[in-house]
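First the structure, in the form of structure tokens, and then the observations on it.
The values are calculated or read from the model by the stated rules, or taken from the named source; none is laboratory data. None of these values were measured; they are calculated from a predicted model. Glycine gets a Cβ as well: all are built from the backbone with ideal geometry, and neighbour counts include every protein chain shown.
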Amino acid sequence: MKIIEVSSAIIIKSNKIFVTQRGYGDFKDKWEFPGGKLEQGESGEDCIVREIKEELDADIRVVKFLNTIEYKYPTFHLIMHNYICELKNSHLSLLEHEAAKFVDIADLNKIDFLPADLLILEDLIKYLS
């Protein structure tokens with residue numbers, strides 16, 4: 001089975017968490033924490049800074065490593081490194097996603113997340129509490 005290794009950014013602003021909606025592929029319309037695939041030799045932190053610049057034209061600062069989760073999708077095994085981040089400024093542009101929003105911590109369980117992203121929530125809620 002193919003292994004895909006990615007990093008995701010959990011961007012927090014004014015006690016709200018930024019989530020994005022996929023606009024393409026098998027998981028179109030599902031919500032996720034933004035991010036993308038690690039390039040060879042790239043650290044998780046470098047990956048997430050690069051991916052957020054490419055996908056959202058935004059500059060972020062990595063605050064803290066949150067966790068790594070693994071999830072087996074039908075066609076691949078995902079390894080996802082998750083980082084608490086903050087915006088360096090308020091600029092965000094949707095270059096690849098269908099939609100995006102900042103949500104309250106209390107509303108995270110109402111979001112139709114991808115299965116792997118759901119695994120992040122327990123540690124994220126502990127971190128925010």
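The figures follow:
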| quantity | calculated |
| --- | --- |
| Residue pairs meeting the criteria (Cβ under 6 Å; at least 6 apart or on separate chains; first in contact (Cβ under 8 Å) with a residue 24 or more places away in the chain, in region 26-54; second assigned to a loop (DSSP other than H, G, I, E, B) and among the small types (Gly, Ala, Ser)) | 52/58 |
| Given (1) in contact with a Ser or Thr (Cβ under 8 Å, 6 or more places away or on another chain); (2) more than 14 Å from residue 118 (Cα to Cα); (3) at pLDDT 95 or above, index of the condition residue 57 fails | (3) |
| Those residues of region 18-68 which are of a type in the set (Gly, Ala, Ser), assigned to a loop (DSSP other than H, G, I, E, B) and farther than 22 Å from residue 128 by Cβ, in sequence order | 23, 25, 41, 43 |
| Within region 1-46, considering residues that are more than 9 Å from the chain's Cα centre (by Cα) and among the polar types (S, T, N, Q), the one surrounded by the fewest Cβ atoms within 10 Å (Cβ to Cβ) | 40 |
| Test: residue in region 79-90 that is assigned to a helix (DSSP H, G or I) and surrounded by 16 or more Cβ atoms within 10 Å (Cβ to Cβ) | no |
